[in-house]
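One structure is given below, encoded as structure tokens.
The values are calculated or read from the model by the stated rules, or taken from the named source; none is laboratory data. The structure displayed is predicted, hence computed values, not measured ones. Because the Cβ atoms are built from the backbone with ideal geometry, glycine has one as well, and the counts that use them run over all protein chains shown. Ligands, DNA and RNA are stripped out before the accessible areas are found, and what is left, the full protein with its side chains, is counted by its heavy atoms. Shrake-Rupley method; radii C 1.70, N 1.55, O 1.52, S 1.80 Å.
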Amino acid sequence: MSTGYAPIIEAAHAREPAADCALCPRLVAHREADCTPDSAGRDGPVPSVGSRNAPLLIVSLAPGRQAARDAFRPFADEHAASLLYEALHTAGLAETPAPPAVHDFPEQTLYRIVCTTRCRSPENLPQPSEIVACNQFLKSELQTMPNLRVVLALGVLAHNATVAACGIPFSRTGFHPGEITSLPDGLRIADSHHLSRHNIESGIVTRKTFRHLVSKISEEIR
């Protein structure tokens, strides 16, 4: 089945950052300073999870500090993950309303999740140069998902990184929270503010509006 989405550059194989990725000196220094004996190698780039054959790619921000280390998966913050999986489950896109553990993650899912930047950042704030350096891996995700229909961008940073990975000028598209729009290359992008506790408590994004957006995504891809 044709997706209507044509990637800018064809990629035969997915590219993942090396476990000891050294593209961003600041993040390497942060990783080394924050490393503990019990981290067991969970201080490097956080890998994507979910099926590469999925029709939905969820793009989040940088992995959180302790949550990423403990779970070693993207979108591991307990509060935000509970909102995400609750909405996915309600829309019929996830088997359970709780995030599965990495070792129990289903091989076949209707979604895949990736971070805009793969390494944990000081104060959870990646620098622009780090987002640019990591964009090649997001581009690879987009180019190696044959059934991709929709990208759910959680935050303006995730939206902009997706647009950049598609090779599209920012002037050609804007960030539209709660809406699903088409990029010039045919890919559909659903925008939402990030599901941080601050954004939820302040009403910037609500459970109801986020569930409605995920429901609209489900209608498009199923």
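Set side by side, the residues 14, 87 differ, and just one is at pLDDT 75 or above and either over 21 Å from residue 196 (Cα atoms) or aliphatic (A, V, I, L, M) (or both), which is 87. The sole residue among 202, 192 that is closer than 16 Å to residue 114 by Cβ and not basic (Lys, Arg) is 192.
Among the conditions (1) touching a Phe, Trp or Tyr at 6+ places or on another chain (Cβ under 8 Å); (2) modelled with pLDDT of 90 or more; (3) more than 21 Å from residue 134 (Cβ to Cβ), residue 109 misses just one, which is (1). Selection of region 164-222 for residues being farther than 24 Å from residue 74 by Cα, hydroxyl-bearing (Ser, Thr, Tyr) and touching a Ser or Thr at 6+ places or on another chain (Cβ under 8 Å) yields 173, 181.
So for region 185-196 (the condition being of a type in the set (Ser, Thr, Tyr) and more than 18 Å from residue 60 (Cβ to Cβ)), does at least one residue qualify? Don't jump to the end; show me each part of the working.
Filtering region 185-196 down to residues of a type in the set (Ser, Thr, Tyr) leaves 192, 196.
Imposing the further condition that a residue be more than 18 Å from residue 60 (Cβ to Cβ) reduces the set to none.
No, there is no match, as no residue in region 185-196 is of a type in the set (Ser, Thr, Tyr) and more than 18 Å from residue 60 (Cβ to Cβ).
Restricting to region 66-83, name every residue that is surrounded by 17 or more Cβ atoms within 10 Å (Cβ to Cβ) and at pLDDT below 90. Steps first, answer last, please.
Within region 66-83, the first condition is being surrounded by 17 or more Cβ atoms within 10 Å (Cβ to Cβ), and the residues that meet it are 67-69, 71-77, 80-81, 83.
Within region 66-83, 67, 68, 69, 71, 72, 73, 74, 75, 76, 77, 80, 81 meet the criteria.
Checking the conditions here, which among 136, 127, 143, 108 is out of contact with any helix residue (DSSP H, G or I) (no Cβ under 6 Å at 6 or more places or on another chain) and closer than 19 Å to residue 19 by Cα? Before you say what the answer is, go through the steps one by one.
Working: 127 fails: closer than 19 Å to residue 19 by Cα; 143 fails: closer than 19 Å to residue 19 by Cα; 108 fails: closer than 19 Å to residue 19 by Cα.
Among 136, 127, 143, 108, only 136 is out of contact with any helix residue (DSSP H, G or I) (no Cβ under 6 Å at 6 or more places or on another chain) and closer than 19 Å to residue 19 by Cα.
Each residue in region 157-174 was checked for being modelled with pLDDT of 95 or more and open to solvent by 50 Å² or more (accessible area, probe 1.4 Å), and 1 pass. Pairs meeting the criteria (first residue in region 75-97 and more than 18 Å from residue 158 (Cβ to Cβ), second residue open to solvent by 50 Å² or more (accessible area, probe 1.4 Å) and not in a loop (DSSP other than H, G, I, E, B), beta carbons under 7 Å, at least 6 apart or on different chains) are 90/211; 96/89; 97/86; 97/89.
Of everything listed in (1) modelled with pLDDT under 70; (2) surrounded by 22 or more Cβ atoms within 10 Å (Cβ to Cβ), the single unmet condition for residue 41 is (2). Any chance you could count how many residues in region 101-135 are part of a helix (DSSP H, G or I) and farther than 19 Å from residue 162 by Cβ? Going through region 101-135 one residue at a time, the tally reaches 6. Of the residues 186, 178, the single one that is in contact with an Asp or Glu (Cβ under 8 Å, 6 or more places away or on another chain), farther than 18 Å from residue 81 by Cβ and either open to solvent by 30 Å² or more (accessible area, probe 1.4 Å) or of a type outside the set (S, T, N, Q) (or both) is 178.
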